[in-house]
Amino acid sequence: MKDNNHFRDHIQLWNAAAVKVLDVRHASLSTGELHPSYRFPASGFIFTTRGSARLWLDRTEYSANRYHVLHAGKGTCLDIYVIEEPFEYVLIYYKASLPLPGPSELLKRLDEQRPFQLQYGFVPPYPVKLLENVSKMQQEWTEVEALAKLHVKTLFLQFVYELLSQLQEQIVHPVKPNVTEQALRYMEDHYEEPITLDGLAQMFNYSTKNFAKLFKKQTGCSPIDYLIQTRMDKARNLLKHTELLIYEVAKAVGYSDQLYFARIFKKHCGCSPVQYKDAARQGKEGANHPYELRRLSIVPVRPQRYIGNNNRYQYTHRGDLHMNKYSNSSLVISMLLSLTLVLSACGVAPNTANSGGNATTHSSSATEESGNSAVSKTTKVEGHRIIKHMFGETKLPDHWNKLTALYPRVADNLLALGIEPYAVSAAYNDKFPPYLEKMMDEKGIKKLGPGFPVNLEEILAAEPDLLVGWSYEEKDYNELAKIAPTVVYAEDMWREALPVLAAYFGKEEQAKQVTADYEAKADGAKAKLDQAVANQSVLFLRVADDELIFFALGDTPVGRVLYQDLKLQFPAGLNPDESGYLSLEVLPDINPDIIFVELHPSEAIEQKFEELTSSVIWKNLNAIKNEQVFIIDHNQWMQGGVLGSSTIIDEVVERLVIDGVKN
């Protein structure tokens with residue numbers, strides 16, 4: 001830098017800043033290694049003391065020998081390739097800010113120039129003085145006394161003074177970092193981790209509003225939209241090129257909730273993860289993906305040292321992923337199936353309608369119908385129906401004794417159509433929604449273990465003669481089809497799923513009546529809610545792992561009930577079209593009047609919720625002040641069938657109308 005107006009401003013801002021030294025650390029690296037990327041947690045100086053290396057600050061490359069000085073701001077990504085060993089350097093992290101209130105002119109210059117974020121490197125003409133300061137700082141930093149830390153601060157200011165005095169005599173071209181580029185790279189590298197808009201803004205020393213505005217200006221989309229697009233791109237890659245199960249893919253790209261992942265995937269890719277995987281195997285992928293990830297020209301090119309991102313899933317989770325997880329169960333199934341064939345050959349037909357007189361025989365209609373699903377169609381043949389579904393064709397008999405539903409929401413919709421299962425698999429947490437469990441107990445329906453992942457031995461032991469499932473992977477389907485005729489559907493919402501199931505079983509008129517009854521109930525509840533909670537915003541909040549998630553209008557079953565069926569007021573300031581992440585810091589801006597909270601059933605989540613409710617931000621929300629926060633039963637609300645949706649309506653009316661809402 002030469003002595004010009006810009007450099008004088010730079011010195012003036014340093015002079016006015018309140019400075020705190022955060023860390024002083026020494027590092028020594030070996031020859032020939034390209035060391036893992038390191039992201040600056042704060043602004044900092046690098047002072048090299050031995051050896052040589054190539055360094056990258058984001059995309060800018062520097063050749064650093066002994067006594068080379070580099071500076072970078074918070075969020076900068078550092079890559080190092082060692083040329084001559086040992087390559088040693090000292091990192092000095094600091095935080096600098098202007099005390100508030102301050103002169104408006106200085107604040108304006110700080111915002112425009114952002115001197116503590118600049119990237120530059122140069123060889124000081126007189127390095128000895130700098131080396132003395134750095135060595136003393138390194139020595140004093142290890143001391144615990146407060147006076148030693150004060151001495152470090154004094155030495156740091158002397159270091160900065162000496163650095164600037166030598167810098168002004170050099171021709172150095174500082175690089176103002178591209179924050180959007182840094183954010184893009186961070187999301188590319190950390191897409192499997194919880195990422196929020198507030199967290200990104202804080203990482204790069206921006207306000208949330210300004211960061212979002214800058215990002216959208218340079219990319220044409222919001223940071224969270226880009227993150228979702230990145231995750232969907234990675235998910236498609238994993239679905240196409242690996243044998244990972246759907247829930248494993250969801251975790252590998254940053255979603256702890258498989259159902260939420262499936263909804264986001266379907267919205268952005270035009271089909272469910274299962275359908276995409278099936279199409280990819282048949283060489284048909286890419287036919288209907290309206291939201292293909294845009295590869296922005298701004299995305300940085302990084303040094304070529306990374307293991308390909310396609311294999312990231314290998315490093316995301318601890319332990320093995322057990323790609324052949326059903327190998328033992330397949331052997332058991334084969335043995336049991338062989339035994340069944342032997343018994344059949346000997347004239348033994350266990351659990352038929354004539355075996356004890358207690359089995360109930362169900363029958364389906366004999367008319368030819370087509371379902372509403374693009375992947376399902378039924379054709380009547382004498383004695384059975386041919387069901388065309390997402391995994392092929394299944395001969396569904398006109399009569400069966402032991403229909404087994406492979407997930408609670410499947411049983412929910414079947415019962416609504418008047419079809420009584422013999423057995424039902426539980427949700428992933430081995431529990432049934434209370435409303436469904438009550439019906440099952442009354443009807444004597446057998447309870448099985450979790451439906452995800454599929455427990456093939458348990459299903460086989462139930463001796464079903466018909467299996468009905470929802471969104472199973474082809475691998476599971478092929479094993480299930482060996483046990484009994486199996487039909488599946490992919491539709492997530494009951495309004496789409498019910499007509500498909502009705503077509504399978506000839507229950508079209510029942511489906512129409514069930515839908516009409518539900519609509520009438522929703523209209524009646526809406527009229528009551530209009531009186532009780534007029535103009536009051538309602539937030540549905542999920543507490544899961546390290547995330548807060550809000551549910552939008554129509555991309556989840558719960559969202560449909562609350563905001564479409566009951567027409568409750570969606571909170572202003574949130575995207576109504578897509579559920580997403582929410583940070584505690586932005587809740588005051590939304591400030592909902594009513595909050596429904598769903599907790600994943602675990603001690604860790606309950607502890608997180610306790611921490612949330614003890615925060616000052618939470619306590620000052622309107623909903624908390626007016627005691628309008630309602631903890632809902634995860635198992636009761638999150639199943640997605642028509643009977644479950646009807647139960648949600650009852651509970652919302654009970655909480656907000658019968659119990660009363662404070663206005």
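The values are calculated or read from the model by the stated rules, or taken from the named source; none is laboratory data. These numbers come from a predicted model, not from an experiment. Positions of Cβ are backbone-derived with ideal geometry, glycine not excepted, and every protein chain shown enters the neighbour counts. Please note that ligands, DNA and RNA were not included when accessible areas were found on the heavy atoms of the full protein model with its side chains. Shrake-Rupley method; radii C 1.70, N 1.55, O 1.52, S 1.80 Å.
Ligands, DNA and RNA aside, HIS151 has an accessible area near 70 Å² when probed at 1.4 Å. If you take the Cα centroid of the range 505-572 and the Cα centroid of the range 13-54, the two points sit 53 Å apart. Considering only TRP618, THR647, HIS634, the residue lying farthest towards the positive end of the dipole of the range 589-663 is TRP618, judged by Cα position with unit charges set on Cβ. Spatial offset of the range 392-464 relative to the range 591-663 amounts to 29 Å, using the alpha carbon center of each. Peptides 615-622, 212-219, 270-277 ranked from most to least packed by the mean count of surrounding Cβ atoms within 10 Å: 270-277, 212-219, 615-622.
By a 1.4 Å probe calculation restricted to protein chains, THR613 has an accessible surface near 40 Å², given to the nearest 10. Taking all protein chains as present, what is the carbon and sulfur share of the accessible area of the range 474-625, in % to the nearest whole number, probe 1.4 Å? For the range 474-625, the apolar C and S fraction of the accessible surface comes to 47 percent. Close amide-amide hydrogen proximity is noted between ARG385 and LEU396, ASP398, each under 5 Å apart and 5 or more residues distant or on a separate chain (H modeled in the peptide plane; Pro and chain starts excluded). Cα extents for the range 380-476 along the principal axes, largest to smallest and rounded to whole angstrom: 39, 29, 22. For the residues VAL134, VAL657, a 1.4 Å probe over the protein chains yields an accessible-area ranking, largest first, of VAL657, VAL134.
The accessible area of GLU606, taken with all protein chains in place and a 1.4 Å probe, comes to roughly 100 Å². A crude spin-label estimate for the pair TYR161 and ILE658, with each label 7 Å from Cα along the Cβ direction, gives 7.6 nm. What is the calculated FRET efficiency for GLU85 to ARG281, with r their C-beta to C-beta distance and R₀ = 45 Å, to the nearest 0.05? Step by step, r from the Cβ atoms, then E = 0.40. Taking all protein chains into account, the per residue accessible area for the range 531-583 stands at 32 Å² (1.4 Å probe). For the pair ASN620 and GLU393 in one chain, pulling the backbone fully straight at 0.36 nm per residue adds 76.0 nm over the alpha carbon distance.
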